[in-house]
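A quick write-up on the structure given underneath.
The values are calculated or read from the model by the stated rules, or taken from the named source; none is laboratory data. Because the structure is a prediction, the values reported are computed rather than measured. Virtual Cβ from ideal backbone geometry, glycine too; neighbours counted across all protein chains shown.
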DNA sequence: TTAAATTTTTAGACTTGTCTAAAAATATTT
DNA sequence: AAATATTTTTAGACAAGTCTAAAAATTTAA
């Protein structure tokens, strides 16, 4: 088989590692049991149990009541799962005609497939993509991320322009809403007007004028031109 | 989610259904607990337990001590898993440069991914293949198989010719052996000589003469010209 | 800085899928 | 047809991962 040296993790363990990874990039501090429970839609008591196992396996540091942090090994492992998730998302969109709001659920399953060759060759097939269909960076084999200096659309000033490069909320509701409005990654946007009373925006996209609520503008990443 | 109407099965359940499916195509009778246990490398007692669950779910017929048979629903479900397995094998070979001896292990995992769109689009991407990389037929959406009138190389007579269309044993050892000898699907073979004392063959392939043992000839399918 | 509220952990239970060992049924042999 | 061998099932146990309810620790508030 193919599992002598490399540590293997169950799907449940991988999901915990991924959740902690995402929470760590947001908060930098030790991640609380409750935060993990919320993000995995499970109970805090289940998290405590699992976190002990992960600690035994040296992928997290854990002191009772103090939250957890990923070790070097845990970080690498988690980044690799995210890498797989995002590469599969690109595959689904590029090769199988999925739309960006349909990929998450399936990638959530595909990310657990164990085969180094599979993911390397997928990377080749897709042309070594750096970003997934939502604009999120794909970690490389060592877990490093390409950074892009993106800002929220809501921070653009009047008459400034930028290119759509990502979303903060990638729920299918939001993504489908963007589709309906004709807003997709790569599209150029210019802020025509900023309304003070509700923080809504008037923007130009594809030569058309569009009104955008603050909630939308707060979930759309732009790279300034 | 995506699981309101269609019945969902666990990976373990799917593996049992697949095993029973394969055993049924060989034997036509009720499949014994022991046969399933052997094929899944598990214990007969575990099989008894699982078979009861499958019976409750209406995918097999089971009477104590009498073995099991797939119901219509079970047959369709199993064929669908085999369909997914074989489509993924084609994908791995055609798109990701896997060799035919490397695909099984990974397809064994991929076959359990749940998404109708995924498998339909994969079918499109691959051009609706009818056979997997070992020459085994890919069931269509209703579970129907394309039949090919293939025979074992060992049944070819002296001076008869045929095209390699499949293998009976698809262990990586056998497949790697065939690779080494230059025998792949689609290659034309002519029987030059049949030796009586050990049933070995002398064949011509690619204009070269090759000696083939009976064991090999008994595991290689040929379509007569 | 005590008291109250919240978070986290523990303890015990449940499910799925597996196992071993023993009992029951079936099949084979003489 | 009785005795033996084999197969299958049952019974009880175990590991993984989850849950609820209660206890312990920490944080917040007064």
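List of remarks:
- Options B:181, B:158, B:114; residue that is over 29 Å from residue B:214 (Cβ atoms) and in contact (Cβ under 8 Å) with a residue 12 or more places away in the chain: B:114
- Complete set of residues in the stretch A:103-115 that are more than 7 Å from chain B (Cβ to nearest Cβ) and assigned to a loop (DSSP other than H, G, I, E, B): A:111, A:112
- Checking residue B:64 against (1) more than 14 Å from every other protein chain (Cβ to nearest Cβ); (2) more than 14 Å from DNA strand C (Cβ to nearest atom), the condition it does not meet: (2)
- Odd one out for residue A:36, checked against (1) closer than 29 Å to residue A:118 by Cα; (2) away from chain B (no Cβ under 14 Å); (3) in contact (Cβ under 8 Å) with a residue 12 or more places away in the chain; (4) part of a helix (DSSP H, G or I): (1)
- Annotation: residue B:12 fulfils all but one of (1) in a helix (DSSP H, G or I); (2) more than 11 Å from DNA strand C (Cβ to nearest atom); (3) touching a residue at least 12 places away in the same chain (Cβ under 8 Å); the unmet one is (2).
- The requirement of being at pLDDT 95 or above and assigned to a helix (DSSP H, G or I) is fulfilled somewhere in the stretch A:124-144, by at least one residue.
- In the stretch B:62-76, the residues that are under 11 Å from residue B:143 (Cβ atoms) reach residues that are within 16 Å of DNA strand D (Cβ to nearest atom) and in a helix (DSSP H, G or I) with C-beta atoms within less than 6 angstrom, at least six apart or across chains, in these pairs: B:70/B:20.
- Only one of B:16, B:21 that is within 16 Å of DNA strand D (Cβ to nearest atom), crowded, with 17+ Cβ neighbours inside 10 Å and more than 14 Å from every other protein chain (Cβ to nearest Cβ): B:16
- Considering each residue of the stretch A:186-199 in turn, at least one proves to be in contact with a strand residue (DSSP E or B) (Cβ under 7 Å, 6 or more places away or on another chain) and within 20 Å of residue A:90 (Cα to Cα).
- Hits in the stretch A:39-61 (condition: out of contact with any strand residue (DSSP E or B) (no Cβ under 8 Å at 6 or more places or on another chain), closer than 17 Å to residue A:22 by Cα and either within 14 Å of another protein chain (Cβ to nearest Cβ) or more than 10 Å from DNA strand D (Cβ to nearest atom) (or both)): A:39, A:41
- Taking (1) farther than 27 Å from residue A:130 by Cβ; (2) in a loop (DSSP other than H, G, I, E, B) in turn, residue A:193 satisfies each apart from (2).
- One residue stands out in the stretch A:85-102 among those that are more than 10 Å from every other protein chain (Cβ to nearest Cβ) and not in a helix (DSSP H, G or I): the one that is surrounded by the fewest Cβ atoms within 10 Å (Cβ to Cβ), namely A:99.
- Total residues in the stretch B:38-61, condition over 21 Å from residue B:77 (Cβ atoms) and more than 8 Å from DNA strand C (Cβ to nearest atom): 1
- Test: residue in the stretch B:187-205 that is touching a residue at least 60 places away in the same chain (Cβ under 8 Å) and within 22 Å of the chain's Cα centre (by Cα): no
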